[in-house]
1. Looking at B:Cys122, is it out of contact with any Ser or Thr (no Cβ under 6 Å at 6 or more places or on another chain), touching a residue at least 12 places away in the same chain (Cβ under 8 Å), within 14 Å of chain A (Cβ to nearest Cβ) and part of a helix (DSSP H, G or I)?
2. Mind telling me which of the residues A:His112, A:His90 ends up being modelled with pLDDT of 95 or more and at the interface with another protein chain (Cβ under 7 Å from one of its Cβ atoms)?
3. Please enumerate the residues belonging to region C:75-88 that are crowded, with 21+ Cβ neighbours inside 10 Å and either among the small types (Gly, Ala, Ser) or not in a helix (DSSP H, G or I) (or both).
4. Given the conditions (1) at pLDDT below 95; (2) within 22 Å of D:Asp67 (Cβ to Cβ), which single one is not true for B:Ser5?
5. Taking B:Glu50 and the conditions (1) surrounded by fewer than 20 Cβ atoms within 10 Å (Cβ to Cβ); (2) within 11 Å of chain A (Cβ to nearest Cβ); (3) outside any loop (DSSP other than H, G, I, E, B), which numbered condition does it fall short on, given that it satisfies the others?
6. Out of region D:42-62, which residues are in contact (Cβ under 8 Å) with a residue 24 or more places away in the chain and not charged (D, E, K, R)?
7. Select from region A:11-47 the residues that are over 19 Å from A:Ser93 (Cβ atoms), small (Gly, Ala, Ser) and touching an Asp or Glu at 6+ places or on another chain (Cβ under 8 Å) and list them in ascending order.
8. Could you give every pair whose Cβ atoms fall below 6 Å, whose first residue belongs to region C:5-16 and is more than 7 Å from chain D (Cβ to nearest Cβ), and whose second residue is among the basic types (Lys, Arg) and buried (at least 21 other Cβ atoms within 10 Å of the Cβ), counting only separations of at least 6 or pairs across chains?
4 protein chains.
Amino acid sequence: MALASLSKEMLEAHPWPAQMDRDVLVRCIDECGACETSCTACADASLAEEDVVDLRKCIRLCLDCADVCDATGRLLTRQTEYVAATARAHVSSCRELCAACAEECERHAQHHEHCRICAEECRRCEEACSAVLDAIS
Amino acid sequence: MALASLSKEMLEAHPWPAQMDRDVLVRCIDECGACETSCTACADASLAEEDVVDLRKCIRLCLDCADVCDATGRLLTRQTEYVAATARAHVSSCRELCAACAEECERHAQHHEHCRICAEECRRCEEACSAVLDAIS
Amino acid sequence: MALASLSKEMLEAHPWPAQMDRDVLVRCIDECGACETSCTACADASLAEEDVVDLRKCIRLCLDCADVCDATGRLLTRQTEYVAATARAHVSSCRELCAACAEECERHAQHHEHCRICAEECRRCEEACSAVLDAIS
Amino acid sequence: MALASLSKEMLEAHPWPAQMDRDVLVRCIDECGACETSCTACADASLAEEDVVDLRKCIRLCLDCADVCDATGRLLTRQTEYVAATARAHVSSCRELCAACAEECERHAQHHEHCRICAEECRRCEEACSAVLDAIS
């Protein structure tokens, strides 16, 4: 089963779902999961490259981004006793980190396919976070 | 983009990929991500149920399973300087936890749709871990 | 060895440390670790209480707080290619979540010792985050 | 407050603690937290070293070890509906990874102080895991 359908099915099965646009929420949960994987893989692939010295900032930001996306995906998955203020602060921080990571990966996109793919995924996650922030306000 | 294609694309872009069947590996990485989400959602939905007292073991195992699946997905995503022995020990532990969590969720599957869905996902992740263990040997 | 000394020793052994007050940074890394443990334990102890139904919000916020403190501790531990803007956004989100979790745990502090201890730890982590934010500006 | 006392206080405040030697359990929870921090810091410091190319295996194992120690610390912290079999499998995997990470860090201990400190921490965590495994049987 695709992850997207799974997240949606799980949210629909919750006895007490949060009041937020379901599709916007599902998209952000799924992009956070994809971005954690993408950033973990890009940090690891960059570490194996010959020009690893030039990829230090990329590796560091990918590791940060994986950690924050993981936490964000978990926070957004939880619907019980949802608190808008804490969700807003965290998703906002996640969006900023995705943007910083995308920007750095884009600098290496022409030389490294994994950076190109990861930059695209970070941009998708950044957009999904923006959509959640719009939906919360 | 579906997570499955993303993981595969990232593995193919690695300069120094591990010697393991690519499809088996991708499947397990993706199921670990799906299972982390599913278990996080099931623990949270169970917490909101009226019969939460009967779901304590389900919640506890779901929280454990989410944590271990997250770590397993990250370990398997990394291809640089892959060590078979540590991968084997960790995937084996993950398989055992997925099985225990599935068994407990199955006990509540008739009463709670989220337990039914989560049990199925845990079984898929358990199978994906088994396939990785077969591929390593 | 106490965790505090370990974090400090590791920061001092870094070839390229971030430009931030070392003691403020070490304190926040250590409080994030302590708060992750405290919140994980409080969520679990609350789940086992007879009045678990009244502790749903406490459990949910503790789970969130553990996840965000873990990510924050990791981000602050990394000194290579440190970016102040992303650190600021994330530590700010962590401080907000610690405050929300402390407030909820304080409501149950008279009935549950684990909530009292956890509330105190969340306040310490909130203060340590505030000190980092002051040090970054 | 030192993390060690906090973990112990929280375990003692649990309404339904697991049947395991309290000191052995507290020590392992605390070492897992210390080892997650130590390995996160060592991976990051190694990335900044001039001989990063020779430290690839060290970085990879430190990242793995941080992830697994985090999951292990969480699993052991949870006392509600404790299941010995899953704890055993996971702590066993954690011990193996700590040993592998220690062995690699020891190879660089003479050149890099952070590897020396991290190797020692990994060995302490390995021993703490062994003590838990002895206590479970």
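1. So B:Cys122 passes the test.
2. A:His90
3. C:Arg78, C:Gln79, C:Thr80, C:Ala87, listed by residue number.
4. Exception for B:Ser5: condition (2).
5. With respect to (1) surrounded by fewer than 20 Cβ atoms within 10 Å (Cβ to Cβ); (2) within 11 Å of chain A (Cβ to nearest Cβ); (3) outside any loop (DSSP other than H, G, I, E, B), B:Glu50 is out only on (3).
6. D:Cys42, D:Ala45, D:Ser46, D:Leu55, D:Cys58, D:Leu61, D:Cys62
7. A:Ala13
8. none
The values are calculated or read from the model by the stated rules, or taken from the named source; none is laboratory data. Quick caveat, the model's predicted, so the values are computed rather than measured. Neighbour counts run over all protein chains shown; Cβ positions are idealised from the backbone, glycine included.
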